[in-house]
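One structure is given here, and the rest of the page talks about it.
Every number in this text was worked out from the coordinates using simple rules, so none of it is lab data. None of the values given here were measured: they were computed from a predicted structure. FYI the Cβ positions are ideal-geometry reconstructions off the backbone, even for glycines, and counts take in every protein chain you see.
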Amino acid sequence: MIVLILENAKPTLRGELSRWLFEIKAGVFAGRVSALVRDELWDLIEQKLGKGSAVMIFPQRGEQGFAARMLGTPSRSLVDIEGLLLVRTP
């Protein structure tokens with residue numbers, strides 16, 4: 001399962017993502033897709049995000065059981081400290 005959070009994204013991008021993922025709340029998506037589709041969706045986000053920001057959380061082997069990708073400057077940032085992801089608030 002992946003979780004995707006968009007901030008200041010265009011409605012057209014949100015519409016395209018809603019074909020593959022369930023939009024729980026405006027800009028918050030969740031769903032189960034293959035790794036290939038996940039990477040293709042990330043490429044789409046990179047192309048069409050504009051001045052917004054995106055965070056994608058997806059399963060990966062390790063202590064926490066997940067990894068994250070970030071694009072732009074979200075309101076909160078993820079910091080990797082010795083292999084553990086922590087959230088930094090401004």
Might you report the magnitude of the Cβ-based charge dipole of the chain about its Cα centre, with Lys and Arg at +1 and Asp and Glu at -1, to the nearest 20 debye? 300
Roughly what angle does helix 35-48 make with the longest principal axis of the chain, taking Cα atoms, 0 to 90 degrees, to the nearest 10? 70
Among VAL55, VAL79, VAL33, which one moves the most in a GNM of the chain with springs linking Cα atoms closer than 10 Å? VAL79
